[in-house]
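*Asks:* I am attaching a structure below and will ask some questions about it afterwards.
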Amino acid sequence: MSWTYEPHFDAAHRAALSNGKNLVYVCPAAGWAMLPLLGQLPAPGGEGVETLLLLPEASEGLELASMVATMEPLRPVHAVSGLTRAGRLLKSHSVRTLLATPADVLQLLSRSSLKLDALACVVVLWPETHFELGAADPIDSILGECQSAQRLIVTTDEVPIADFIDRHARRAPIAAPARLPKEPGARVRYALVDRQRLGWAVRSALDSMNPARTLLWDPTPLAETRWTDYDGDPTVFVAADPGEESVDLALAVELPSSAALDAMRGVARDVVVLARATQLAYLEGLAELSPLRLPSEADRARDRTAHMRALVRGRLEADDCSGDLAALSPLFDEYDPALVAAAALQVSQATGQAQPTSDALPTWVHIHINSGKRDRIRTADVVGALLNAVGLPKDHIGRVDVRDSFSLIEVRAEVAERTLRGLEGVTLRGRAVSARVDRR
């Protein structure tokens, strides 16, 4: 089943975009889906930053900036990853399109590095996610400071944010190239993946599922250079259009639209979507979901120990170990022979590297969950879920900070992945928990 993404802009949409008027654009919460909207903007005619894209999370910036940079009129493009460098680039007028979180924009304003009154266009990407992350007030402040700028609001559904649209883009026309279906479709599998680990997740999925023929679905302009590792692999092909060829697995590395997902279902025996935690709510509206468990560090550790046992077993069966046995035999009178063998293995694996001490300070990871005081969540609720649903020991749980719309949890680094998996499907005060690593 063929599929292409060609959003239709009617006369009202085109007039709004060409005349600097506001517009609401409904699409999946993914960068590829909003690129056609930016392609409709008139060519800039000034100096310095003219277009500001407000991101829900800084981690999305670099990848999205690479996509936007393929559109010549919007270049040079810069995603804020450090305020000092961003400030220098802005003051030298070296940026035309800026991608930043509301918090970073406010910091740049406080340093006089960015002037909002000079902007021609502000694009608010998925305000519903901003609100979930507690950034409603900063967005209101920013939009209040650039009254003359065109506002483009990109959302997955305009109905829940009607008040926001009424305040900042009143009576704006709505272009909706990809709405959610009225009811979720047939079941698909998914895995929540940090974008920095996308390549690892693809390889892990292929290794664990071992399909004979795989469609790697990537509709972004980055697809040609993103997956060069599979250029020589006859079992994997990369495409934006699923086409007509039957495959064992369609592996979507971007959040699909309803039509794109239907096209993948039409050719694939199995469909897996690799999504960010903030995209889970949209994915739940697309399809009935079941999680795909990708190999974890614990799995890899078990694989390593199994490999080690196989090597030792092979050496015992193939070689004469009598010389080494003679060297170790005096120790058998002092210690259990099994302990001697374990110690010898540790010595052989050390290879001169310093071993970690038992009194080393633990490393903590912050986990973000989408429930807070507004959902009547208490610290005791979160701790109870970690102890009972996830099964963490008390000493692996640090500070729990319950805020208005979300909560931050400290856990020991070695149980972070276990915590994310364990919280999937957990319900707190009637609301399903969505968890991700907080990297701020």
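The values are calculated or read from the model by the stated rules, or taken from the named source; none is laboratory data. Not measured: the values here are computed from a predicted model. Every residue, glycine among them, receives a Cβ derived from its backbone with ideal geometry; neighbour counts consider all protein chains shown.
*Asks:* Looking at this structure, is residue 36 surrounded by fewer than 21 Cβ atoms within 10 Å (Cβ to Cβ) and modelled with pLDDT of 95 or more? Before you say what the answer is, go through the steps one by one.
*Replies:* Working: surrounded by fewer than 21 Cβ atoms within 10 Å (Cβ to Cβ): yes; modelled with pLDDT of 95 or more: yes.
In short, yes.
*Asks:* Of the numbered conditions (1) in contact (Cβ under 8 Å) with a residue 60 or more places away in the chain; (2) surrounded by 14 or more Cβ atoms within 10 Å (Cβ to Cβ); (3) touching a helix residue (DSSP H, G or I) at 6+ places or on another chain (Cβ under 9 Å), residue 2 satisfies every one except a single condition; which is it?
*Replies:* (2)
*Asks:* May I pose another question? As an exercise: evaluate residue 241 against (1) part of a helix (DSSP H, G or I); (2) touching a Phe, Trp or Tyr at 6+ places or on another chain (Cβ under 6 Å); (3) not small (Gly, Ala, Ser) and give the number of the one condition it does not meet.
*Replies:* Condition not satisfied by residue 241: (1).
*Asks:* Which one of 64, 41 is touching a Leu at 6+ places or on another chain (Cβ under 9 Å), at negative phi and at pLDDT below 95? Quick ask: steps written out before the conclusion?
*Replies:* Working: 64 fails: at pLDDT below 95.
Going through 64, 41 in turn, the sole match is 41.
*Asks:* Next question. Evaluate the following for residue 123: is it of a type in the set (A, V, I, L, M), within 17 Å of residue 49 (Cα to Cα) and in contact (Cβ under 8 Å) with a residue 60 or more places away in the chain? Give the steps one after another, and end with the answer.
*Replies:* Values: of a type in the set (A, V, I, L, M): yes; within 17 Å of residue 49 (Cα to Cα): yes; in contact (Cβ under 8 Å) with a residue 60 or more places away in the chain: yes.
In short, yes.
*Asks:* Looking only at residues that are surrounded by fewer than 18 Cβ atoms within 10 Å (Cβ to Cβ) and touching a helix residue (DSSP H, G or I) at 6+ places or on another chain (Cβ under 8 Å) in segment 380-411, which one is nearest to residue 431 (Cα to Cα)?
*Replies:* Among those that are surrounded by fewer than 18 Cβ atoms within 10 Å (Cβ to Cβ) and touching a helix residue (DSSP H, G or I) at 6+ places or on another chain (Cβ under 8 Å), it is 405.
*Asks:* Please go through (1) out of contact with any Asp or Glu (no Cβ under 9 Å at 6 or more places or on another chain); (2) at pLDDT 95 or above; (3) closer than 23 Å to residue 53 by Cβ; (4) not in a helix (DSSP H, G or I) for residue 170 and return the number of the only condition it doesn't satisfy.
*Replies:* Of (1) out of contact with any Asp or Glu (no Cβ under 9 Å at 6 or more places or on another chain); (2) at pLDDT 95 or above; (3) closer than 23 Å to residue 53 by Cβ; (4) not in a helix (DSSP H, G or I), only one is false for residue 170: (2).
*Asks:* May I ask you to say which residue of 65, 86 is closer than 16 Å to residue 123 by Cα and in the same structural domain as residue 129 (by TED's automatic domain parsing)?
*Replies:* Details: 86 fails: closer than 16 Å to residue 123 by Cα.
Of 65, 86, the one residue that is closer than 16 Å to residue 123 by Cα and in the same structural domain as residue 129 (by TED's automatic domain parsing) is 65.
*Asks:* With (1) surrounded by 14 or more Cβ atoms within 10 Å (Cβ to Cβ); (2) polar (S, T, N, Q); (3) at positive phi as the list, and residue 113 as the residue in question, which single condition is left unmet?
*Replies:* Every listed condition holds for residue 113 apart from (3).
*Asks:* Here's something else I'd like to know. Given the criterion part of a helix (DSSP H, G or I), within 30 Å of residue 268 (Cα to Cα), among the charged types (D, E, K, R) and out of contact with any Cys (no Cβ under 9 Å at 6 or more places or on another chain), identify the matching residue among 207, 157.
*Replies:* Details: 157 fails: part of a helix (DSSP H, G or I).
Testing whether each residue is part of a helix (DSSP H, G or I), within 30 Å of residue 268 (Cα to Cα), among the charged types (D, E, K, R) and out of contact with any Cys (no Cβ under 9 Å at 6 or more places or on another chain) leaves just 207.
*Asks:* Answer yes if at least one residue in segment 5-22 is touching a residue at least 12 places away in the same chain (Cβ under 8 Å), of a type outside the set (Val, Ile, Thr), part of a strand (DSSP E or B) and in contact with a Leu (Cβ under 8 Å, 6 or more places away or on another chain), and no otherwise.
*Replies:* No, because not a single residue in segment 5-22 is touching a residue at least 12 places away in the same chain (Cβ under 8 Å), of a type outside the set (Val, Ile, Thr), part of a strand (DSSP E or B) and in contact with a Leu (Cβ under 8 Å, 6 or more places away or on another chain).
*Asks:* Which numbered condition in (1) closer than 20 Å to residue 119 by Cβ; (2) free of Cβ contacts under 8 Å to residues at least 60 places away in the same chain is the only one that residue 199 fails?
*Replies:* Just one mismatch for residue 199, condition (1).
*Asks:* Let me ask you something else. For residue 80, work out the one condition from (1) within 22 Å of the chain's Cα centre (by Cα); (2) over 30 Å from residue 217 (Cβ atoms) it doesn't fulfil.
*Replies:* Going through (1) within 22 Å of the chain's Cα centre (by Cα); (2) over 30 Å from residue 217 (Cβ atoms) one by one, residue 80 breaks only (2).
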